[in-house]
1. On the basis of being part of a loop (DSSP other than H, G, I, E, B), out of contact with any Lys or Arg (no Cβ under 8 Å at 6 or more places or on another chain) and away from chain A (no Cβ under 14 Å), does B:P229 make the cut?
2. Return yes when A:D256 is modelled with pLDDT of 90 or more and either of a type in the set (D, E) or over 19 Å from A:L182 (Cβ atoms) (or both) and no when it is not.
3. For segment B:75-108, name all the residues that are away from chain A (no Cβ under 14 Å), buried (at least 17 other Cβ atoms within 10 Å of the Cβ), over 16 Å from B:G339 (Cα atoms) and hydrophobic (A, V, I, L, M, F, W, C).
4. Within 14 Å of chain B (Cβ to nearest Cβ), at pLDDT below 90 and either part of a strand (DSSP E or B) or under 30 Å from A:P217 (Cα atoms) (or both): is that true of A:L66 in this structure?
5. Of A:I253, A:I241, which residue is within 14 Å of another protein chain (Cβ to nearest Cβ), β-branched (V, I, T), within 21 Å of the chain's Cα centre (by Cα) and in a helix (DSSP H, G or I)?
6. Check B:D147, B:D154 and return the single one that is charged (D, E, K, R), in contact with a Lys or Arg (Cβ under 7 Å, 6 or more places away or on another chain) and away from chain A (no Cβ under 14 Å).
7. For segment A:182-190, state whether one or more residues are of a type in the set (F, W, Y), within 10 Å of another protein chain (Cβ to nearest Cβ) and touching a residue at least 60 places away in the same chain (Cβ under 8 Å).
8. Quick one: how many residues across segment B:270-284 are touching a helix residue (DSSP H, G or I) at 6+ places or on another chain (Cβ under 6 Å) and either surrounded by fewer than 17 Cβ atoms within 10 Å (Cβ to Cβ) or within 13 Å of chain A (Cβ to nearest Cβ) (or both)?
Amino acid sequence: MAETTVPARPAGRAQAAQPSRLRATFRDSANYLLILPTLLGILAFTLWPLIAGVWNSLFLQNQAHLHPQFAGLENYARLVNDPVFGQVLGNTLLYTLGTVPASIGIALVLALLLNRRLRGVGWLRSAFFYPTMMPMVSVATVWLFMYSPQVGLVNATLQALHLGSPNWLGDDRLVLPALMVLGIWKQSGYLMIFYLAGLQSLPKEVYEAAALDGAGPWQTLRRITWPLLSGTTLFVATIAIAGAFQTTDQIFIMTDGGPNNASDLLLYHIYLTAFRFGDLGLAQAGTVVLLAMLLVVTTANLVFGGRRAYYEDAR
Amino acid sequence: MKRIMMLGLLVVALLMTGCGTDTPTATPASGGPSTPAAGGGGATATTAASSGGPATEVSFYYPVAVGGPISKILQGYADKFNAANPDVHVTPVFAGGYNDVLTKIQTALQGGGNPPELAVMLSTDMQTLIDADMISPFDDFINSSADGKALIDDIYPAFLRNSQQDGHTYGIPFQRSTPVLYYNKDLFKAAGLDPEHGPATWDDLVAYGKQLTKRDSNGNVTTWGLEIPSDGFPYWLFQGFAIANGQNVLGDAPNKVRFNDPSTVAALQFFADLSQKDQIEPPGVVIWNNTPTDFEAGKVAMVYHTTGSLTTILQKSKFPVGVSFLPKKQQYGAPTGGGNFYIFKKTDPAKQKAAWRFVQFMTSPEQAAQWSIDTGYIAIRKSAYDVPAMKDYVVKVPQALVARDQLQYAEKELTAHNSTQIQHILGTAIQAAITGKSPPQAALDDAQKQADQLLSQFSK
């Protein structure tokens, strides 16, 4: 129930109490009206597809079964028995582990470096944020060319330094690291912005006290800045993990999941299953798995991290 | 009170704008430079009652799979047809790659919408489209006109193999190709090889490759002898090896494939050895899109690529380019490739007829010849090569005849039920062998098992 403050009225004007309650009801419904568009959007585009997706994952609907046929947990059984799906899950976890901590680390370093009044610091911040603004499809096309073994920029540089000429996107051991570099490059600027905001809201008195006590820069970072930023870090980590799980554009452009399924990540695998192989039931099951993984990871993040995160006005 | 009402009105107004006019599910994203406004509602426009009524709208989805200004070229052809046939209006709609065209149409159909009247999709998608009950055969149209029968008789038989099933013709070949071997004549001359002939046999391929691969003082390769792409759809170029070694990878029915016959395993071993043992190819998977660029830049002396890239490669290479058959082992061999016209079941019969007229136009000898000249695709019918424009062209560009001459050795492209997934399974096995992750026998046995499991759901 929304709290409404009923203004105090003199006892004599008893009939004035009625319109106040009416006014309170109108105010409540105004609140609901205001959130109605977003609420409808969430119901239509998040909640309904979620329920429908879980329901549809219980049906076989593919090129051999044109009309959906109830099959219980058979799609999930097929996923469990599919070695490629296991590989895909492994790839996704590896990719997440490879990109999230590195992105956060780089973002923090950049924020620390750029949180001062240098001349042109605005330009520098924009420069580091720029990758985020570019569409991933365009970026991936450029990086596809950059990674080209014979004529690409990366190998041209490496060859000039006599470091050989690896086949980045064609070697199943190198393709995931190559994609990770792209992911980190694209994301760090975005996460840097959150850290900048976090840094700028930190209390100055603590730093003054630390300086008075003779704390060095590394100690300040470790014992003051990092713990104070833990709320931001929690938020940034959640975003980065969700982003890692949603990686598809660069795979679509650069590798098509290959070579040999080495760069097949979960969401891309679901896309292939649904739209290339036409197996909608199986794809729905994969989606439910993706959702479950995301829920587990973000909940763990919030529960374990949340306990230790510092928020300025927390009790 | 007044504020609440205003707020409520504002919210309702926002909701109304959110639920705006419904866009037709098959919304064309026009690729042509000058589509008239009427083209925007292509899939839902009116039919012509008789001549004198509004033009019959035909929506035509096409993919772009080779380099060149394809959208402009196709729009030009459509404009020519529309001008000559005022009662029909064809709108070409660019829809991405082959996979994207299929995805778009399938998604539209699943959403309860309408497919386009005409689309170009892979010849190998035929079985998938039949299974999904999406396409109609062209039989009635072909049998009802002398031109139609003449067309079928005139089309190269190799192209009809992926276009006909159970006595019905489901696809009309349009942009068809085979892979060919492109080679750099200057680099051949520099290595002491005959620039007028590419390698004829597998042994020649290896020998030439070794002579053409140049290394610097540190042992790093500066020019590779050969590049055969193996990303995207590796099964296609691999079919060339399998067929040349005696056995194609298809079975005798849409629910059978033959991935692990001994000759096929040996073919994959040869393919993998090119980079691992003979070292005439870069190690690992080679990217399809990078290969012509590497060739044009002189970084590699021989490449396998589709004949559809001929025009672009000739334009961009600053050296004379030779084109030859894929080298033979037991025999010459190559798969066919490319896309066919398909018409869809759930469309208005009058529009289907109009679409058929457009197909007849595009497959007429003159038009087929022009399309081949503009792109490098093989002209689908024999009489196209007698057209004067084509006769002049092949004098200037004799390389254009190589793919057509290879047709006598060409065989069916890999297709089956669920063909995209079957192709993906074989492609993964090929990549596993090329990257050295798995020996060819094991990789192909595994692929055969997976394919059999997938195809067991289909009775024939």
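The values are calculated or read from the model by the stated rules, or taken from the named source; none is laboratory data. Being a predicted model, the structure only gives us computed values, none of them experimental. When we count neighbours, we look across all protein chains shown, and the Cβ atoms used for this are built from the backbone with ideal geometry, even at glycine.
1. no
2. No; evaluated as a whole, the condition is false for this residue.
3. B:A78, B:F81, B:V88, B:V90
4. It is true that A:L66 is within 14 Å of chain B (Cβ to nearest Cβ), at pLDDT below 90 and either part of a strand (DSSP E or B) or under 30 Å from A:P217 (Cα atoms) (or both).
5. A:I253
6. Values: B:D147 fails: in contact with a Lys or Arg (Cβ under 7 Å, 6 or more places away or on another chain).
Selected residue: B:D154, the only one of B:D147, B:D154 that is charged (D, E, K, R), in contact with a Lys or Arg (Cβ under 7 Å, 6 or more places away or on another chain) and away from chain A (no Cβ under 14 Å).
7. No, the conditions are met nowhere in segment A:182-190.
8. The qualifying residues number 3.
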